[in-house]
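For reference, the structure is listed below as structure tokens.
The values are calculated or read from the model by the stated rules, or taken from the named source; none is laboratory data. Being a predicted model, the structure only gives us computed values, none of them experimental. Quick note on the areas: whole protein, heavy atoms, side chains included, nothing else; ligands and nucleic acids left out. Shrake-Rupley method; radii C 1.70, N 1.55, O 1.52, S 1.80 Å.
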Amino acid sequence: MPDAVAAFQLLDNKRTWFLKSTDTSKRYVRIKLDSDSLELAPKDITEKWSSFPGGAPWPRVDTFLRDEPAAGGDLEKTFVFSGNQVIWISVRKFQYWQDALLHGPHDIDVKWKALDIAGFSTGVDAAFFVQSNATSSEAWFFKKNYLYTSNDFKTFVVKGPAVITTVFKSLLDAGFDSVDCVLSDPTTAGQYWFFKDKQAVKISYDANTHESELLEGPTSIHTLFPVSLNDFYPD
């Protein structure tokens, strides 16, 4: 099994990057999640992601956290976590790929004190934004079987940590007590794919009521994405 799995989804939700690290290789693949089509075959991470620093723990990637998007433009800004470090990069979100390092690498416990207080200063497994209403969003961080959330991303007001399955009770129904990565469904707002090992589930989550519902799965990745991810996650 890979020791790190991360996924990055552009704002148009049409292209999804999966990055996988093992002791011997660090590779990526790009797919269209909604059509199970392979856009870029597996390659070494360093061939594409020029924004990643050299030296350990890079180019291993634990997770991405897309920054709150600014209106307009063809670039978006994203935080990338690796071990106890974080960088901030920009990515061109439309046809032509171009990434650039904006800041970092920084130690998480120095840059984000609240994450350090929560015990999330290293080894973050997954992170994503949940839109709670038209004007605000919540940043969610997952580590082992705990999650931490902030309803004020810029100042990181601490909420948690809490056991994942006490917040996402639908994951308990699916037998997931931890997650490797999380993706927003490319076709339906408020629905998310959670990946663990070689299984995936789709749930709905309402950030206002904090209710979640298991919609699909758990299902093998090979069953859901037999074309695009079959070779990337071999049996």
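Can you give me the solvent accessible area of HIS103 with a 1.4 Å probe, rounded to the nearest 10 Å²?
Looks like 100 Å² after rounding.
Aspartates and glutamates near LYS26 by alpha-carbon distance under 14 Å, same-chain residues fewer than 8 away left out - which ones?
ASP3, ASP44, GLU47, ASP62
Report, ordered by chain and residue number, the lysines lying within cross-link reach of LYS20, taken as a straight Cα distance under 27 Å and ignoring same-chain residues fewer than 8 apart.
LYS32, LYS43, LYS48, LYS77, LYS93, LYS111, LYS143, LYS144, LYS196, LYS198, LYS202
Could you state how much accessible area THR209 has, in square angstrom rounded to the nearest 10, with a 1.4 Å probe and all protein chains kept in place?
Ignoring ligands and nucleic acids, THR209 comes out at about 80 Å².
Amide H to amide H under 5 Å from GLY123: which residues, 5+ apart in sequence or cross-chain, H placed 1.01 Å off N in plane?
GLY83, ASN84
For segment 149-231, what does the accessible surface come to per residue with a 1.4 Å probe? Please give it in Å².
46
Can you work out the accessible area per residue across segment 16-77, with the rest of the protein chains kept in place, probe 1.4 Å, in square angstrom?
For segment 16-77, the per-residue accessible area is 47 Å².
If ligands, DNA and RNA are left out, what is the accessible area of SER35 with a 1.4 Å probe, given in Å² to the nearest 10?
Here the residue's solvent-accessible area equals roughly 70 Å².
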